[in-house]
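The values are calculated or read from the model by the stated rules, or taken from the named source; none is laboratory data. Just so you know, these numbers come straight off a predicted model, no measurement behind them. Counting neighbours? That spans all protein chains shown, and the Cβs are built from the backbone with ideal geometry, glycine included.
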Amino acid sequence: MKKNCLLALSSAACLCLLSINAFGQATSLPSETPKELKPTFYGYNYETRDVMIPMRDGVKLHTVILVPKGAKNAGMLMTRTPYSAMALTNNSHSAHMDAALYGYDNAVDVIVEGGYIRVVQDVRGKYGSEGDYVMNRPLHGPLNPTAVDHSTDTYDTIDWLVKHVPESNGKVGIIGISYDGFTPLMALFHPHPALKVSVPMNPMVDGWMGDDWFHNGAFRQENMSYIYEQDGTRDNSQKWVTTNFDDYDMFLRAGSAGDLGKLRGLDQVGFWNKITAHPSYDSFWQQQAMDKLLAAEPLKVPMLLVASLWDQEDIYGAMAVYKALKPKDTAGDKVFLAFGPWYHGQEIGDSSNLGAIKWGSDTGAYFRRNVLGPFLAKYLKDETPAEPIAPVTAFESGTNRWEQLKTWPMGCASGCTVQPKPIYLGAAGSLSFAGGKDAGFEEYVSDPAKPVPYRARPTLQVGYEGIYTWPRWLVDDQREASGRTDVLTFTSDVLTAPLKISGQPIANLMAATTGSDVDWVVKLIDVYPDEVAGQAEMGGYQLGVAMDIFRGRYRESLETAKAIEPGKKLAYRFALPHANHVFLPGHRVMVQVQSSWFPLYDRNPQTFVPNIFFAKSADYKKATERVYHDSFVELPVVGKE
C-alpha cells in the first residue's frame, strides 16, 4: 500500500482515502474522476454556453450558444432542430469554431467569416429539451389546441437571447435545412421584432403534396425508418433494423406498408398512426401546409428560400412557398429565391458535381459567397452588398451557368418569355411537338409482384455516407428502367438547336387501366449523345430532369379517393418538379411512363381498396395500362419575346 501511495501521498494520507472493511482490507480505491470537470477552454477562439431557455408554458428548451472570442455587436444566427443541438455544435475536438460547427446544417464559412453568434436549439421533446415531441408540431388551432407551437417557441427564445447575450447587436436570423428549414417558416407567424431574416433551405412544407411523406397520394415508404427513429424516442436511440441488404426485398416480402409497420412495431408511434389514418389530402394535411398558411399572413420578415433542383427529399416545399408568397411582395423586398443543381442540403458543402454530373465549378461555394453571405450580412450587420442581391438566383443546368432573374419562372434576365408547349407521346415510342392527332396507344402490363425499381438494385437503406448513395438517386442513369417491358419510353429526334425549359413541366396522360386503381410515374429525361468527348461514361446517359408520381384514385379529388372505371380512357394531369434546364444540340428529349417506383413508394394494389396502407395480398393484381398518343407533357419552353 505504501509503495502505491509514495508518488502523491504519505501512507497515512493514502489510508484515509481508502474504504476499509471490518477485516482491515481496502474495498475500493479513491476515484480519480472529479464530480464535475470544468474545462478551461484554453486556446479556444469561441465560448460555448449551454442553457435552458424557459418558454411561456414553463417548458425549458436546451440551447447551445457559440460566441466568437472578442465578439461585440454581433448578429445572432439561430437554428431550431430535432437532430441534437449538441451534435450540431460539437463536431470535433478542435478549439476552433469552424471545426466545432463542421457538419449537417452549418454553412460554416458563412457563419465563421460573418462573425455571427451561433445558436442551436433542440425543439421541444427532443434531446436536451423538455416537453412533448410532435412531428412538425402544427400551429395553434384545430390540430393543436395548446397555447404553444414552433412560432411561440421561436418568439420566446429570441426574446431571451436579446436580453441575455450581451455580445449581440439584438438582431437575430433563423436558418436551417429540411426539418430545420421548416422551423424558419414557423418563425414567420407573429414574428419577434428582433427577427430580421429567415432562410428556409429545402424546407418541409407540405408532406402530402410533394415533400417527405407522400407525393400526390403515393406514400414514400422509404421514410418509415426515419419516422420510427425520429418519433420513437427522445434521443433517436432506438434504431430501425434492416432485415435485407436490398430494401426492395424487404418491402416486397412484407406486403403493404401497413403490414411492415406492424411487423416492426411502428404502430406504437403516434405520427405513424396519423399517417395511416390520413392517406388522402384531407384537413389534417391541408391545415399543416405551410405555403397555404403563410399566404394568409402579412409579410414582415425578409426571407431567402433555397431550393435544390434534384432534392431527393423535399423538392416541393421551397418553390411552393415562393409561388404562394411572391405575389404578396409588392415592394420586392421580402421574398427572395435561390436554387441550384444540388441534392437535399448540398448547397452548404462541396457542390462541384452531383453523382456523375459535373457542373464545372463548386456551385455551393458560389451560392454561399454571392447570395447567402451577402444576404445575411445585409439584415444582421447592416452591410450593403457589393452587388445587389437578385430577387431570384437560378442555376441553369445543361449550360451550367448562373442567372439573376426578376421573378420565377422567367427564363432569362430580359427579352424572353416562357410559354407552355406540348410534346406528344407518339406511335412507336416517338416524342414530338407535332403529334397529338394519332388515335392509337401504347400499353404494358404492370405487375405488383415485380414492381419497377426506382434505382438499380440493390436499393440500399436511405443514407448519406459510405455505400449509401441516397442523395444522388434523382440523377441516376434511367437506362435501367428504359429497357423494361413495363416501362414505356418515348424519344425525340436529335436536337439541332438548344431547347430551354424554365418552370414546371405538366404531365397530361390520356390513359386507361384494366384495374380499378393505378399509379402513374412520368419522367422527363435528357438523353446525352451516344458518345461524349472527354467523358466516355456519359455516352447515352439518361439524366432525369423532372420526375414524379401520381396516385390515380385522386384523379377527380385529392381529398376523396375514388375507384377508376376499368378500361375507360381518362385524363390524368399533374405537375412535375421545377426545372431550369437546356437540352443541348446533339441531345434528345425522352419521356418514360410506368406504374410503380419501388420501394421508394408503396405499391398500388391496382385494385381499389379504401386504404392502401392496409391492402391484403389478394388485392395486388396485374393490370394492363394503356397510354394514348394524345398524351403529352406540357413543357415551359423559353423563347424570345
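What to note about this one:
Let's see how each residue does on (1) crowded, with 19+ Cβ neighbours inside 10 Å; (2) within 30 Å of Gln346 (Cα to Cα):
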| position | (1), (2) |
| --- | --- |
| Tyr464 | no, yes |
| Val475 | yes, yes |
| Gln478 | yes, yes |
| Val487 | yes, no |
| Val494 | no, no |
| Lys500 | yes, yes |
| Ile506 | no, yes |
| Leu509 | yes, no |
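- Count - residues of the stretch 504-521 that are within 29 Å of the chain's Cα centre (by Cα) and farther than 17 Å from Phe433 by Cβ: 7
- Residues in the stretch 304-336 that are assigned to a strand (DSSP E or B) and crowded, with 24+ Cβ neighbours inside 10 Å: Leu304, Leu305, Val306, Ala307, Ser308.
- Any hit, the stretch 602-610, residues being closer than 30 Å to Pro420 by Cβ and under 31 Å from the mean Cα position of the chain (by Cα): yes
- Every pair of residues 6+ apart whose Cβ atoms lie under 9 Å, when the first sits in the stretch 299-320 and is free of Cβ contacts under 8 Å to residues at least 40 places away in the same chain while the second is basic (Lys, Arg): Leu299/Lys328; Leu299/Lys334
- For the stretch 235-253, the count of residues that are touching a residue at least 40 places away in the same chain (Cβ under 8 Å), farther than 23 Å from Pro458 by Cβ, in contact with a Phe, Trp or Tyr (Cβ under 9 Å, 6 or more places away or on another chain) and surrounded by fewer than 16 Cβ atoms within 10 Å (Cβ to Cβ) is nonzero.
- Of all residues in the stretch 442-480, those satisfying the criterion of being charged (D, E, K, R) and part of a loop (DSSP other than H, G, I, E, B) are Asp447, Lys450, Arg455, Arg457, Glu465, Asp476.
- Among the criteria (1) surrounded by fewer than 20 Cβ atoms within 10 Å (Cβ to Cβ); (2) within 18 Å of Pro200 (Cα to Cα); (3) among the basic types (Lys, Arg), the one Arg80 does not fulfil is (1).
- The condition (being of a type in the set (A, V, I, L, M) and buried (at least 20 other Cβ atoms within 10 Å of the Cβ)) is satisfied by just one residue among Val120, Val162, Val134, Val108: Val120.
- Residue ID - surrounded by the fewest Cβ atoms within 10 Å (Cβ to Cβ), chosen from residues in the stretch 418-435 that are in contact with a Gly (Cβ under 8 Å, 6 or more places away or on another chain) and outside any strand (DSSP E or B): Ala427
- Under the condition of being assigned to a loop (DSSP other than H, G, I, E, B) and either in contact with a Cys (Cβ under 9 Å, 6 or more places away or on another chain) or aliphatic (A, V, I, L, M) (or both), the residues counted in the stretch 84-126 number 4.
- Close pairs (9 angstrom Cβ cut-off, 6 or more residues apart or separate chains): over 11 Å from Asp231 (Cβ atoms) in the stretch 124-148, aromatic (Phe, Trp, Tyr) and in a loop (DSSP other than H, G, I, E, B) anywhere: Arg124/Tyr133; Tyr127/Tyr83; Leu139/Phe189
- Residue-level analysis places Glu229 outside the set of residues that are within 30 Å of Pro374 (Cβ to Cβ) and either modelled with pLDDT of 95 or more or in a helix (DSSP H, G or I) (or both).
- Cβ-Cβ under 6 Å pairs, at least 6 apart or on other chains, the stretch 19-40 side over 30 Å from His93 (Cβ atoms), far side among the acidic types (Asp, Glu) and exposed (fewer than 10 other Cβ atoms within 10 Å of the Cβ): none
- All positions within the stretch 137-152 that are touching a helix residue (DSSP H, G or I) at 6+ places or on another chain (Cβ under 8 Å) and surrounded by 19 or more Cβ atoms within 10 Å (Cβ to Cβ): Arg137, Asp149, His150, Ser151
- Test: residue in the stretch 620-635 that is in contact with a Gly (Cβ under 6 Å, 6 or more places away or on another chain) and either more than 28 Å from Lys450 (Cβ to Cβ) or among the hydrophobic types (A, V, I, L, M, F, W, C) (or both): yes
- Members of the stretch 528-576 found to be of a type in the set (D, E, K, R), without any contact (Cβ under 8 Å) to a residue 60 or more places away in the chain and under 22 Å from Phe613 (Cα atoms), listed by number: Arg555, Glu556, Lys562, Glu565
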